[in-house]
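Worksheet: one structure, shown below.
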Amino acid sequence: MDPYWAACVIRIERLLRARALVWQATLARQKPDSLWGVPHVPRGEVDAQLAHPPLGIVRTDPLPKAAQREVKEAGEMDATLNSLRAGAIESRLRIAEDAFALEPLERDLLLLATLPEFDVRYRRLFGYLMDDAMLAWPSFEFADAALAPLHKDVQKALAPDAVLLATGLVLAVPAPSGPSGPKAQRGLRACAEIIDWLRGGDGIDRETIAPAKPWRPSGKLPEGVSDDLLKIARLIREVPQLVVRANGPGAADPLPYRHLASAAGRSLLSCPAEDSHDELRVRAAARSARLNSAILHLTIAPASDAAARAPDIGMTLARHVGPIVLTLQPGALCPAGISSRPALDLALALPGFEERRAFWAGALAVRALAAGVDAYALALELADRYRLNHSGIEAAAAQAETSARLRDPRDPKLERADLVGACRRQTSTENIELARRILPDQLSIELDDLVLTPGTRRRVADLVQRLGQRRRVLSTSGLAGRLPLGHGTVALFTGPAGTGKTIGAILIAKQLGLDLLKADLGSLVSKYVGETEQRLDRLFANAENTDAMLFFDEADALFGRRGEVKEARDRWANLETNYLLQRVEEFDGIVILATNLRRNIDEAFMRRIDVAIDFPMPDATLRAALWRSLIPPGVEPPPAAELKRLAAALPLAGGHIKSIVVDAVHRAYAAHGADSGQPRLTLRHLVESAARTYEKLGRPVGSGEFATEWLAWVREGEGK
């Protein structure tokens with residue numbers, strides 16, 4: 001056991017012996033053994049109390065000689081304790097004293113309140129000395145009486161604003177008669193943090209702040225730590241009461257705070273946002289931080305109605321001794337009571353491309369990769385595709401390892417798909433509003449399967465190449481420093497309906513390993529002034545935060561030309577368009593717009609479009625390829641010649657051909673019935689479905705496009 005701790009306990013025990021001798025020599029004489037520990041006052045005790053006014057045993061009462069010897073020996077231990085304390089650098093008790101600047105009286109009060117947790121005999125002893133077997137914790141009046149022979153102003157040390165009660169190191173337990181009972185009868189109980197600390201733990205109460213994450217620096221500070229963090233770390237060493245208010249898109253990443261703590265030579269204790277408005281939890285975290293000489297890191301969430309009614313944490317933070325880092329989430333306010341402390345702001349950006357690449361390179365270097373996986377190229381790709389922070393990269397790598405173990409427990413080597421899937425899980429969220437989240441991986445086709453004209457295919461390939469390296473190019477070429485606003489890419493897909501604009505956007509997202517958010521134009525536009533802009537801002541923020549590709553179908557409805565102001569509504573509509581122009585220009589991600597009416601797009605938007613690709617109507621050769629590619633493998637297709645004939649006769653877009661094939665496959669299954677084997681898709685099935693599509697489009701089903709035989713099939717199918 002720690003010699004300093006043991007000596008302090010021995011001195012407390014001598015004071016307790018003295019108190020026991022006083023008790024036995026006075027009031028205990030009047031009470032039979034059968035009534036000890038029972039709240040019963042015999043007549044003899046009443047007479048003894050009345051014989052020596054004022055009531056009770058006070059400091060002026062003479063101590064029995066045996067008690068005087070115990071008190072004398074306890075007092076003579078001061079020199080020994082001072083000597084032991086000077087050499088007890090690693091003593092848990094001394095560290096706690098230093099952390100809270102405790103005086104000897106406060107240390108003894110703290111020990112008195114901790115002893116019942118360490119040995120059951122103290123609980124029984126206190127019950128005996130306080131004449132109530134149910135009392136396990138020393139009361140205020142008992143602590144005063146026990147320590148008074150050596151210490152003055154015990155009551156002052158137990159004041160609400162004194163260090164023990166103000167910090168919560170010692171808690172006031174309600175009196176036996178309840179909260180309304182005499183204050184002097186309240187018990188003194190040491191907090192869970194100091195109990196755990198003195199037992200050799202980390203001084204964290206897991207029942208109160210279970211999610212809190214202590215972190216201790218190990219090894220040398222890594223290279224690449226920003227100068228801002230190093231300057232703040234030096235300032236923390238000079239101004240221990242400093243408050244750092246962190247904000248910005250990179251504020252959620254724990255790594256910068258670890259670098260800050262490491263550079264300042266301190267540990268770090270981080271508490272999550274759900275605890276930020278709970279005063280009891282914040283007090284517990286503050287005690288743990290002081291015991292560990294740690295920077296207290298709190299993530300402050302926007303206050304809910306319940307949190308607004310809860311006790312303010314500002315006073316707790318104002319009293320805290322030690323540096324504090326506050327991560328302010330969007331909409332959160334800095335606690336009011338902390339304004340008296342020196343403070344500075346720290347803007348944290350997301351790690352740039354080179355930082356992400358280096359971190360990915362380090363994460364891949366310590367993991368087993370499958371054969372053929374180029375770690376350097378994969379690090380480049382992942383750093384470019386996903387704007388993960390450092391903790392997100394580490395979490396994604398760990399998730400990828402889990403996927404590899406599920407696939408092959410005996411040889412879990414990472415594939416590219418494991419890492420891409422893990423990154424997408426890190427960035428995706430289910431709480432997407434104002435858009436439909438499309439998962440391109442659910443499609444069985446690839447971008448190369450899309451039937452396009454050679455010119456369109458080449459432009460799409462160029463776009464994919466640009467999108468796949470856009471962040472690397474911006475970072476390494478120096479372009480980023482010359483672009484004042486967003487570093488995103490805006491593409492415009494134009495062409496008639498059904499020519500592949502939507503499916504093209506989805507397959508581009510699939511090839512890049514990204515989710516696609518398809519904007520819901522109906523829920524975006526509001527009749528209330530200013531609400532459309534707010535919804536647009538939330539939509540773009542969702543896309544930025546999830547690294548998703550943002551897709552606007554029928555974009556001319558939202559990006560249309562601004563008109564002449566003839567009434568109030570026109571003015572507000574133009575303001576909405578102006579805001580959309582601004583938001584697109586500031587966007588850092590990928591936006592694809594699709595429209596059938598390019599001429600309706602506002603010229604100001606056209607100036608902001610990086611890539612424009614036209615999807616023309618397919619010719620007969622492309623239509624034949626479309627017919628072949630859209631027939632599913634589960635049916636027997638018609639002969640290639642019949643499909644070629646159909647393609648030459650019916651000038652339809654790919655979207656219409658898809659609808660025809662879907663309807664025709666249903667007809668084939670209906671004709672096949674319950675027979676075993678593969679259903680046969682015939683030309684007649686396709687022709688009858690095409691006639692229905694023509695009727696839906698309002699186009700005549702005549703001999704101009706439908707052969708005589710085909711018209712007969714159509715009339716027969718309609719019962720004519």
Scanning for something among the charged types (D, E, K, R), modelled with pLDDT of 90 or more, in the same structural domain as LEU93 (by TED's automatic domain parsing) and over 22 Å from ALA286 (Cα atoms), does segment 178-191 turn up at least one residue? no
Considering only segment 137-154, I want to know if a residue exists there that is charged (D, E, K, R), assigned to a helix (DSSP H, G or I) and over 22 Å from LEU291 (Cβ atoms). yes
Flag for ALA671 being in contact (Cβ under 8 Å) with a residue 60 or more places away in the chain and out of contact with any Leu (no Cβ under 8 Å at 6 or more places or on another chain): no
When every residue in segment 632-683 that is touching a Gly at 6+ places or on another chain (Cβ under 7 Å) and in a helix (DSSP H, G or I) is compared, the one nearest to PRO616 (Cα to Cα) is GLY654
Counting only residues in segment 607-618 that are out of contact with any strand residue (DSSP E or B) (no Cβ under 8 Å at 6 or more places or on another chain) and in contact (Cβ under 8 Å) with a residue 40 or more places away in the chain, the one nearest to GLY677 (Cα to Cα) is identified as PRO618
Limited to segment 64-103, what total is found for residues that are of a type in the set (S, T, N, Q) and modelled with pLDDT under 90? 1
Mind counting the residues in segment 658-691 that are farther than 20 Å from GLY717 by Cα and either at pLDDT 90 or above or surrounded by 14 or more Cβ atoms within 10 Å (Cβ to Cβ) (or both)? 1
In this structure, is ARG92 within 16 Å of SER293 (Cβ to Cβ), touching a helix residue (DSSP H, G or I) at 6+ places or on another chain (Cβ under 9 Å), among the charged types (D, E, K, R) and in contact (Cβ under 8 Å) with a residue 60 or more places away in the chain? yes
Could you please give the count of residues in segment 680-695 that are farther than 23 Å from ALA641 by Cβ and either polar (S, T, N, Q) or free of Cβ contacts under 8 Å to residues at least 12 places away in the same chain (or both)? 1
ASP196 vs. criteria in a helix (DSSP H, G or I) and among the acidic types (Asp, Glu): yes
Working carefully through the options LEU467, LEU512, LEU434, LEU450, find the one that is modelled with pLDDT of 90 or more and over 23 Å from PHE353 (Cα atoms). LEU450
One residue is enough: does segment 404-426 have a residue meeting the conditions under 14 Å from LEU364 (Cα atoms), loosely packed, with under 14 Cβ neighbours inside 10 Å, at pLDDT 90 or above and of a type outside the set (Phe, Trp, Tyr)? no
Selection within segment 112-143 - surrounded by fewer than 17 Cβ atoms within 10 Å (Cβ to Cβ) and either of a type in the set (Gly, Ala, Ser) or not assigned by TED's automatic domain parsing to the domain that holds CYS191 (or both): ALA133
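Here is a yes/no grid of residues against (1) modelled with pLDDT under 90; (2) touching a Phe, Trp or Tyr at 6+ places or on another chain (Cβ under 9 Å); (3) over 26 Å from ASP619 (Cα atoms):
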| site | (1), (2), (3) |
| --- | --- |
| THR429 | yes, no, yes |
| LEU443 | yes, no, no |
| THR456 | no, yes, no |
| GLY481 | yes, no, yes |
Can you tell me which residue among ALA261, ALA285, ALA273 is touching a strand residue (DSSP E or B) at 6+ places or on another chain (Cβ under 8 Å), farther than 14 Å from ALA233 by Cβ and crowded, with 23+ Cβ neighbours inside 10 Å? ALA285
Checking GLY331 against (1) surrounded by fewer than 16 Cβ atoms within 10 Å (Cβ to Cβ); (2) touching a residue at least 40 places away in the same chain (Cβ under 8 Å); (3) part of a loop (DSSP other than H, G, I, E, B), which test does it fail? (2)
Taking segment 328-387, which residues are among the hydroxyl-bearing types (Ser, Thr, Tyr) and at positive phi? none
Quick check on this structure: which one of GLU688, GLU603 is touching a helix residue (DSSP H, G or I) at 6+ places or on another chain (Cβ under 7 Å) and not hydroxyl-bearing (Ser, Thr, Tyr)? GLU688
Of the candidates ALA349, ALA358, ALA310, the one satisfying the condition of being at pLDDT below 85, within 24 Å of the chain's Cα centre (by Cα) and either of a type in the set (Gly, Ala, Ser) or assigned by TED's automatic domain parsing to the domain that holds LEU230 (or both) is ALA310
What pairs come up if the first residue lies in segment 503-530 and is β-branched (Val, Ile, Thr), the second is modelled with pLDDT of 90 or more and assigned to a loop (DSSP other than H, G, I, E, B), and their beta carbons are under 8 Å apart, counting only those six or more places apart or on different chains? ILE503/LEU450
Give me the residue from segment 475-502 that is hydrophobic (A, V, I, L, M, F, W, C) and surrounded by fewer than 20 Cβ atoms within 10 Å (Cβ to Cβ) and, out of that set, farthest from ARG357 (Cα to Cα). ALA497
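The values are calculated or read from the model by the stated rules, or taken from the named source; none is laboratory data. From a predicted model like this one, the values you see are computed outputs, not experimental measurements. We place every Cβ from the backbone using ideal geometry, glycine too, and count neighbours over all the protein chains shown.
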